[in-house]
Amino acid sequence: MGTDWAAVYEATYADLVRFLYRMVWAEDRAEDLAQEAFVRALRHEPENPRAWLYSVARNLARDEARSAGRRRRHLALVREEEADRVGEDAGQELERSERHAAVRRALECLSERDREVLLLWDSGLSYDEISEQTGLARGAIGTTLSRARQRLVEAHRTGEDQNAASL
């Protein structure tokens, strides 16, 4: 019997977009990459669709990050989104933007493995699925997550301390 793609889509799409967003930092691009992952899954009919989707999505996002031209377009899109925001007062917009930038900087300070494990876990993948995606032993996932969270908090604090010192 074939895969119930509607059920897979409903159960996975939002988490997959969130995972991709934290890799490419552009919501519309994250949605495009998630859709591309689903299109590829339909062509290949993988045995474990959810894990396969995350694997393809991660590879698509990595390819995206390697392209300097696309990065410039992403930055332009982010600026356009910021300029298009209506209804937010300037203080709220600045605060939201600063929080977003601080989290992004903290995530970028992590190793690729730590960032990937955190993002996969945040997207709702189980330890078994994270193990399958990353190649880490299942027993190492909890420890890796714990240490990655600590490093993320430390990177965020360091960034806040540096910002406070520069003021």
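Within region 26-49, how many residues turn out to be under 16 Å from the mean Cα position of the chain (by Cα), buried (at least 19 other Cβ atoms within 10 Å of the Cβ) and in a helix (DSSP H, G or I)? Count: 5. If you take the residues of region 1-25 that are free of Cβ contacts under 8 Å to residues at least 24 places away in the same chain and outside any helix (DSSP H, G or I), which of them is surrounded by the most Cβ atoms within 10 Å (Cβ to Cβ)? Top of the filtered list is 4.
Residues considered: 133, 162, 150. Of these, the only one that is of a type outside the set (D, E, K, R) and under 17 Å from residue 22 (Cβ atoms) is 133.
FYI, it's all coordinate maths here, none of it is from the lab. Everything numeric here is computed off the predicted structure, so don't read it as measured data. Here the Cβ is made from the backbone with ideal geometry for all residues, glycine too, and neighbour counts use every protein chain on show.
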